[in-house]
Amino acid sequence: MVSTETGPPTGTGVHSPGRAAVPQRQLRTDRWWLPQLATVTGLLAFIGYSTWRAFEGAHYYAPPYVSPFYSPCLAANCVPVRGGADWTLFGDWWRLSPALLVLIFPLGFRLTCYYYRKAYYRAFWSSPPACAVPEPHTRYTGETRFPLILQNLHRYFFYVAVPFAMILTYDVALGFRNTGGEWGHAGLGSFVLLGNVALIWAYTLSCHSCRHIVGGRLKHFSGHPVRHRLWQFVGRLNVRHMLLAWSSLASVGLTDLYVYLVSSGAFGDPQLF
Amino acid sequence: MTYQAEFRVWRGDSTGGSFESYRVEVHEGEVVLDLVHRLQATQAPDLAVRWNCKAGKCGSCSAEINGRPRLLCMTRMSTLSPDEPVVITPLRAFPVLRDLVTDVSFNYAKAREIPGFIPPAGLGPGEYRMQQEDVERSQEFRKCIECFLCQDTCHVVRDHEENKSVFAGPRFLMRVAELDMHPLDAAAEAGLDRRATAQDVHGLGYCNITKCCTEVCPEQIRITDNALIPLKERVADLKYHPLVWLGSRIGLRRKD
């Protein structure tokens with residue numbers, strides 16, 4: 001701790017003229033960097049795994065389970081999924097992995113999500129690194145300009161995320177078959193897919209844009225009792241948006257891993273009934 | 001249980017200053033403001049500190065304790081390590097006057113920039129009727145004690161003095177949200193679109209929703225989730241959603 005007399009500050013930020021002449025840029029004594037480290041580790045791990053799986057283009061269908069990374073199929077080069085959401089909108093000219101056509105939508109939804117914005121602004125861009133810890137940038141315009149003004153498109157990604165969640169729900173229903181295609185059977189994978197889609201729905205519905213659309217935009221709740229109830233329901237989920245963001249991210253990765261392990265023969269799916 | 005704590009308090013004014021170290025006796029159940037008062041009574045009678053209610057309701061004793069914006073009266077000594085010095089500085093986003101007292105007039109200037117509640121036409125005093133579900137969102141924001149900890153911690157102005165002219169800060173963007181959600185505010189009828197001014201005049205776009213304002217709020221107001229993000233969504237309705245914009249223009253979207 002420096003205790004010698006310091007003259008008036010002449011710098012920027014907390015050292016701007018007129019402010020208290022405290023030599024240290026920040027004085028926090030707790031481990032303020034730990035959440036940011038955890039965020040970087042978690043997001044990089046997911047990005048690394050999902051990039052590998054998205055470009056692999058194989059082991060994404062282990063009848064009756066289809067990986068959430070590859071559903072719906074929008075290209076002609078997919079492995080046919082029995083009864084699955086296979087729509088060859090892109091024809092056979094698409095030679096890359098079909099996952100790339102799908103993943104761009106959930107990627108955009110999460111990239112513009114209000115929680116993830118907080119997480120990566122802090123952890124990757126240090127804007128700010130933590131509360132009351134100065135950021136290293138000399139200039140700041142926030143989300144007023146291109147490209148960050150595009151964060152306002154979050155609601156459009158929400159609109160797309162809802163049908164995607166519906167398709168994944170349909171995939172869960174398909175998972176309650178046996179390898180021969182007969183209904184009324186389930187393996188461990190059926191419940192892996194079920195847990196994943198529950199978390200995906202919870203994350204999607206807890207979205208701040210969803211909260212606004214179902215009722216938040218209203219000025220008078222008293223004239224719209226149903227929308228008020230919906231807004232309250234989404235609000236209760238929204239309190240846990242961070243938890244749901246991480247748990248659904250983990251579950252979608254683990255579900256894909258499960259399908260990969262079964263498809264590649266590394267693990268036999270236990271049949272429950 | 002009593003123990004001797006080391007306090008390092010920033011002393012000085014706008015021409016400069018330094019940390020002064022003190023050893024002071026701490027009693028069970030005390031808060032940091034108790035210790036600052038003990039310092040004034042025993043060792044530093046000229047130590048300047050702003051305080052009033054000592055109950056977390058007046059918002060006067062805002063300062064930074066171990067680098068974190070806090071109320072001196074709401075920070076229990078039992079939450080701080082007895083083995084580590086307690087470092088106290090004034091709020092570091094505002095000009096210092098003396099010791100722990102800062103000039104917070106930036107906030108009053110920003111408050112004046114926001115047009116107040118516009119009364120509805122045809123209703124006199126005592127004739128306002130509002131449903132509870134219509135006002136409870138605004139009521140959360142009315143808990144604000146104007147301690148300005150959120151304004152102090154917000155990196156938009158804390159780290160960028162030049163943004164003070166264009167950014168109202170979380171407390172006053174919350175005020176805009178409160179009025180925009182108010183069931184009887186007649187701003188629209190008066191030709192004032194609070195969503196437009198939130199973005200164009202009060203600098204809502206500068207907020208990157210990193211939630212430090214929510215973290216430091218001593219009233220536990222969920223500023224980011226309940227005020228700033230809903231306000232951003234309302235701005236998106238107006239500026240970034242062509243279908244909503246078109247619907248409101250041609251009258252398909254009824255007023256609510």
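Model label sites at residue A:105 and residue B:139, defined 7 Å from Cα along the beta-carbon direction, differ in position by 4.1 nm.
Which order do you get for B:189, B:140, B:64 if you rank them by accessible area with a 1.4 Å probe, largest at the top?
Details: B:189 140, B:140 40, B:64 5 Å².
Descending order: B:189, B:140, B:64.
Helix A:114-123 axis versus longest C-alpha principal axis of chain A: approximately 60°, rounded to the nearest ten. Solvent-accessible area lost on pairing A with B (1.4 Å probe, both sides summed) amounts to about 5800 Å². Over the residues of chain A, the helix contribution to mean residue ellipticity at 222 nm works out to -15500 deg cm²/dmol, using -39500 (n - 2.57) for each DSSP H run of at least 4. Size of segment B:105-249 from its Cα atoms: along the principal axes, largest to smallest, the extents are 45, 37, 25 Å.
Within the full protein context, the accessible area of residue B:160 is estimated at about 0 Å² for a probe radius of 1.4 Å.
Pairwise Cα distances in chain A exceed 33 Å for 37 percent of all pairs. When the other protein chains are added to the chain by itself, burial of at least 40 square angstrom of heavy-atom accessible area (probe 1.4 Å, ligands and nucleic acids ignored) affects these residues of segment B:70-103: B:92.
For residue A:90 and residue A:179, calculate 0.36 nm times their separation in residues minus their Cα-Cα distance, and state this gained length in nm to one decimal. Numbers along the way, then the final one.
Details: separation 89, 0.36 × 89 = 32.04 nm, distance 2.85 nm.
My answer for the length gained is 29.2 nm.
Is segment B:1-124 best put as rounded, prolate or oblate by its Cα gyration tensor, with a ≥ b ≥ c the root eigenvalues, rounded for a/c under 1.5, and otherwise prolate when a/b is larger than b/c, oblate when not? Walk me through the numbers before you get to the answer.
Details: a/c = 2.90, a/b = 1.83, b/c = 1.58.
Prolate is the answer for segment B:1-124, as a/c is 1.5 or above and a/b outweighs b/c.
Counting only alpha carbon atoms, the long axis of helix A:154-174 and the longest principal axis of chain A meet at about 30°. Its DSSP H runs of at least 4 residues, each contributing -39,500 (n - 2.57), put the calculated 222 nm mean residue ellipticity of chain B at -8500 deg cm²/dmol, to the nearest 500.
With 0.36 nm allotted per residue and the present C-alpha distance subtracted, the residue B:130-residue B:188 stretch has 19.1 nm of extension available. Going by accessible surface with a 1.4 Å probe and the largest first, A:176, B:106, A:124, B:7 read A:124, A:176, B:106, B:7. Ranked by solvent-accessible area (1.4 Å probe, protein heavy atoms only, all chains present), the residues B:75, A:179, A:138 order from largest to smallest as A:138, A:179, B:75.
Taking a ≥ b ≥ c as the square roots of the eigenvalues of the Cα gyration tensor, segment B:42-103 is classed as rounded, since a/c falls below 1.5.
I need the shape label for segment A:1-128. Rule: rounded when a/c is under 1.5, else prolate if a/b > b/c, else oblate, with a, b, c from the alpha carbon gyration tensor. Because a/c hits 1.5 or more and a/b exceeds b/c, segment A:1-128 counts as prolate. Of the solvent-accessible surface of segment B:3-102, computed with a 1.4 Å probe over protein heavy atoms with every protein chain present, carbon and sulfur atoms account for 45 percent. Here chain B is assigned +1 on the Cβ of each Lys and Arg and -1 on the Cβ of each Asp and Glu. Its dipole about the Cα centre then comes out at about 560 debye.
Sequence-distant contacts, meaning Cα pairs under 8 Å at least 6 residues apart, place the relative contact order of chain A at 21 percent.
Counted over all Cα-Cα pairs of the protein assembly as shown, pairs farther apart than 42 Å make up 33 percent. Compared with the dominant Cα axis of chain A, that is its longest principal axis, helix A:241-263 is turned about 40°.
The values are calculated or read from the model by the stated rules, or taken from the named source; none is laboratory data. Just so you know, these numbers come straight off a predicted model, no measurement behind them. Neighbour counts are summed over all protein chains in view; Cβ atoms, including those assigned to glycine, are modelled from backbone coordinates with ideal geometry. The protein model used for the area step is the full one, side chains on, heavy atoms only, and it has no ligands, DNA or RNA in it. Shrake-Rupley method; radii C 1.70, N 1.55, O 1.52, S 1.80 Å.
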